[in-house]
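Below: one structure, written as structure tokens.
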Amino acid sequence: MVKLLLKKSYLHKNLKETTFRDLWNAHGVFTTMRVVGKPGKILFFNEHIKNLINSLKVYKIKKKNIKKNILYLIKLNFDKKKKYDHLLRVASNKKMISISLRKRLKTNKNFILHLVNYQRIEPKYKNLKYKKILKILNKMDTTRNDIALYKNKKILETGTSNLLFVKKNKIYSPITDFYTGTTLKFFLKKIKIIKSNITIDSLNNYDEILVIGSGKGITSVNVVKNTKWQRKSFKYYRILSKIYKTAVMKCPRYNGWSINLSILKILTIKGKKPYDNC
């Protein structure tokens with residue numbers, strides 16, 4: 001089970017704290033962001049919020065001030081004197097917004113993927129329907145394991161992240177029926193990624209399989225359980241890791257740490273930017 005270092009829920013209408021609910025399996029959406037450094041800075045913050053807002057619209061949860069409110073809750077709950085390498089989860093339904101924080105754990109070099117015949121409900125969006133996935137992941141050491149979801153023998157995504165496949169110096173991604181996470185969106189702007197159906201039967205054609213996301217960062221898969229596939233190279237793992245680490249280093253810090261909470265509310269209402277993108 002994941003140990004939460006912070007867990008709080010707030011009502012949308014007035015931002016008053018209420019009894020914590022993680023909102024799993026509720027009608028709503030979430031995003032998980034990586035917090036790094038001292039004071040904390042959030043990697044790809046604006047892209048995360050953009051994805052969250054788009055998903056909220058799809059699920060007909062109209063909250064005009066969601067970005068402002070998230071900025072306010074970051075200021076309220078984070079310690080500018082603390083050094084972070086954590087994961088911040090923000091979940092929302094029509095009634096409340098819930099935030100939780102956990103330590104980001106480094107993945108093991110002998111990382112294993114376990115094939116699971118399952119496709120997430122409405123997979124193009126980061127909804128909260130994760131009952132089956134969480135049931136499996138809660139029994140795993142996720143520093144060493146993840147699940148690779150597939151349907152009709154086509155591999156889609158992991159339980160928490162996106163997948164990239166490397167063959168003959170070319171990088172491939174599944175075509176559809178998965179959520180395009182912020183880390184994948186970042187790499188789509190940096191490198192050429194070819195869309196292709198990745199089938200279980202074709203796995204042996206690939207030299208590398210990479211798991212990418214806020215939690216996993218860039219993780220090289222060693223084996224895929226119950227198949228003959230085994231890692232043949234670290235080449236593109238090293239290339240993508242270097243690009244990703246540069247993004248982390250260059251990510252600007254949150255500019256709201258030194259701003260009074262009441263002033264922060266005013267700034268965000270007026271459209272000022274207490275947070276730069278990265």
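Conditions tested, residue by residue: (1) free of Cβ contacts under 8 Å to residues at least 24 places away in the same chain; (2) of a type in the set (G, A, S); (3) surrounded by 13 or more Cβ atoms within 10 Å (Cβ to Cβ); (4) closer than 20 Å to H114 by Cβ.
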| position | (1), (2), (3), (4) |
| --- | --- |
| N152 | yes, no, no, yes |
| S161 | no, yes, yes, yes |
| F187 | no, no, yes, no |
| K195 | yes, no, no, no |
| V211 | no, no, yes, yes |
| K225 | no, no, no, yes |
| F234 | no, no, yes, no |
| I243 | no, no, yes, no |
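Taking the stated definitions as given, is L52 closer than 16 Å to L128 by Cβ, aliphatic (A, V, I, L, M), outside any strand (DSSP E or B) and touching a residue at least 60 places away in the same chain (Cβ under 8 Å)? Steps first, please.
Working: closer than 16 Å to L128 by Cβ: yes; aliphatic (A, V, I, L, M): yes; outside any strand (DSSP E or B): yes; touching a residue at least 60 places away in the same chain (Cβ under 8 Å): yes.
The answer is yes for L52.
Does I61 fit the bill of being closer than 16 Å to A26 by Cα and not in a helix (DSSP H, G or I)? Show your work before the answer.
Working: closer than 16 Å to A26 by Cα: yes; not in a helix (DSSP H, G or I): yes.
So I61 passes the test.
Among the candidates I136, I112, which residue alone is assigned to a strand (DSSP E or B), at pLDDT 95 or above and surrounded by 15 or more Cβ atoms within 10 Å (Cβ to Cβ)?
Answer to the selection: I112.
Test of understanding: among I175, I147, which residue is crowded, with 16+ Cβ neighbours inside 10 Å and either touching a Lys or Arg at 6+ places or on another chain (Cβ under 7 Å) or in a strand (DSSP E or B) (or both)?
Being crowded, with 16+ Cβ neighbours inside 10 Å and either touching a Lys or Arg at 6+ places or on another chain (Cβ under 7 Å) or in a strand (DSSP E or B) (or both) holds for just one of I175, I147, which is I147.
From the list L52, L88, L43, which residue is within 24 Å of Y244 (Cα to Cα), hydrophobic (A, V, I, L, M, F, W, C) and modelled with pLDDT of 95 or more? Spell out the reasoning first.
Details: L52 fails: modelled with pLDDT of 95 or more; L43 fails: modelled with pLDDT of 95 or more.
Only one candidate qualifies: L88.
Return yes when F20 is buried (at least 16 other Cβ atoms within 10 Å of the Cβ) and closer than 26 Å to S241 by Cα and no when it is not. Working first, answer last.
Details: buried (at least 16 other Cβ atoms within 10 Å of the Cβ): yes; closer than 26 Å to S241 by Cα: no.
Answer is no for this residue.
Those residues that are among the polar types (S, T, N, Q) and surrounded by fewer than 19 Cβ atoms within 10 Å (Cβ to Cβ), I need them from region 37-82; list them, please. So that I can check it myself, show each step before the final result.
Pass one, region 37-82, residues among the polar types (S, T, N, Q): 46, 51, 54-55, 65, 69, 77.
Within region 37-82, N46, N54, N65, N77 meet the criteria.
The values are calculated or read from the model by the stated rules, or taken from the named source; none is laboratory data. Computed from a predicted model, the values in this text were never measured in an experiment. Counting neighbours? That spans all protein chains shown, and the Cβs are built from the backbone with ideal geometry, glycine included.
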